[in-house]
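The values are calculated or read from the model by the stated rules, or taken from the named source; none is laboratory data. Just so it is clear, the structure is predicted and the values come from calculations on it, not from any experiment. Heads up, the Cβs are rebuilt from the backbone with ideal geometry, glycines too, and the neighbour counts pull from every protein chain shown. Heavy atoms of the whole protein, side chains included, go into the accessibility calculation; ligands, DNA and RNA do not. Shrake-Rupley method; radii C 1.70, N 1.55, O 1.52, S 1.80 Å.
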Amino acid sequence: MEAIEVKDLRKVYGSTPAVAGVTFTVHAGEIFGIAGHNGAGKTTTVECLIGLRRPDGGQRAGAGGGPGAPAPRRGAADRRATPGERAAGADEGGRGVAGVRRLLPRPPADWRQVMERWGLGPLARQAYGDLSGGQKQRLMLALALVGDPEVVVLDELTTGLDPVARRETWRLVNDLRASGTTVVLVSHYFDETEALCDRLAILARGRVQATGTPAEIMAATGTGSLEEAYFALEGADR
Ligand SMILES: Nc1ncnc2c1ncn2[C@@H]1O[C@H](COP(=O)(O)OP(=O)(O)OP(=O)(O)O)[C@@H](O)[C@H]1O
Ligand SMILES: [Mg+2]
């Protein structure tokens, strides 16, 4: 079953064609990667997908897109709120991400359980501004999961994380898939997409250069890793 379909998506900023006709399908329950260099158009693609940006052309269908879709959850910048208050805000319509609950398509998960699952329990009373970069990142992800979404879009989730936190985050993303959540994982780390993704699209200069499973993309390019595949595709494109 398809969770998301994107057809010929286009987005131009001024005279910059950031996304120049992107087509892919995300199947329900999979981890779908969007990989590519800095400025390839990955974030613009997913922002169009979840309704944060209005595309200039193309169609998108499925969870997370289209008019009337719930607003994507983003952490509010209330630096005084502790993680506990923020998560509670998501659950109870209080401070933090106030009112988010009304926008949720499904009943919210228990925020305390989400906090524990993501290792944030001990930090619940620490002020948000005092959390480390990695802890803030983890909190943002936990907040997104309070809504128990069918599809979650994770953009550069592990950037800035130490190697242990990175591996731990990979494990949690695998757990998310195991619990039935469809994951769209934006990353410029090819080892990450290779390790985690069932299928992926490689973007370069706003266009899809390849789609498929990591094994299919490697086989098609005659390479032994996604990173090599990327360079092989780039070489062919120039
Ligand atoms: N708000 C904006 N206004 C103008 N140009 C933009 C805007 N956002 C992105 N761009 C441009 O669009 C192109 C694609 O940017 P995008 O952020 O989608 O890339 P990305 O693949 O997510 O890169 P990164 O790996 O660095 O996050 C880039 O050339 C960027 O400079
Ligand atoms: Mg980006």
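Descriptive notes on the structure:
- Rounded to the nearest whole Hz, the Karplus-based 3J(HN,Hα) values (6.51 cos²θ - 1.76 cosθ + 1.60, θ = phi - 60°) of the stretch 118-123 follow the sequence 9, x, 9, x, x, 9, with x at glycine and proline.
- Accessible heavy-atom area order of M218, M140, highest first, probe of 1.4 Å: M140, M218
- Loop-located GluC sites (Glu not before Pro) in the stretch 157-233, at most 12 other Cβ atoms within 10 Å (DSSP): none
- For L203, residues with placed amide H under 5 Å, excluding near neighbours: A35, G36, Q209
- Accessible-area rank, largest first, for L233, L120: L233, L120, with all protein chains present and a 1.4 angstrom probe.
- Surface calculation, 1.4 Å probe, protein heavy atoms: S179 sits at approximately 80 Å² accessible.
- Taking amide H as placed 1.01 Å from N in the peptide plane, the amide H of G212 sits under 5 Å from that of L200, each at least 5 places away or on another chain.
- Length added when fully stretched, T213-D155, from 0.36 nm per residue minus Cα-Cα: 18.9 nm
- Modelled label positions at R205 and Q59, each set 7 Å beyond Cα in the direction of Cβ, lie 2.9 nm from each other.
- Remark: spin-label model distance S15-A28 equals 4.6 nm, labels positioned 7 Å along the Cα→Cβ axis.
- Heavy atoms of the protein chains alone define the surface here; on that basis the stretch 125-238 has 44 Å² accessible area per residue at 1.4 Å probe size.
- 18 Å Cα-Cα reach of K42 towards lysines, excluding residues that sit fewer than 8 places from it in its own chain: K7, K11
- A probe of 1.4 angstrom, applied to the heavy atoms of all protein chains, finds C197 with accessible area near 10 square angstrom.
- Residues K42, K136, K7, sorted by accessible area with the largest first, give K7, K136, K42 [1.4 Å probe; ligands and nucleic acids excluded].
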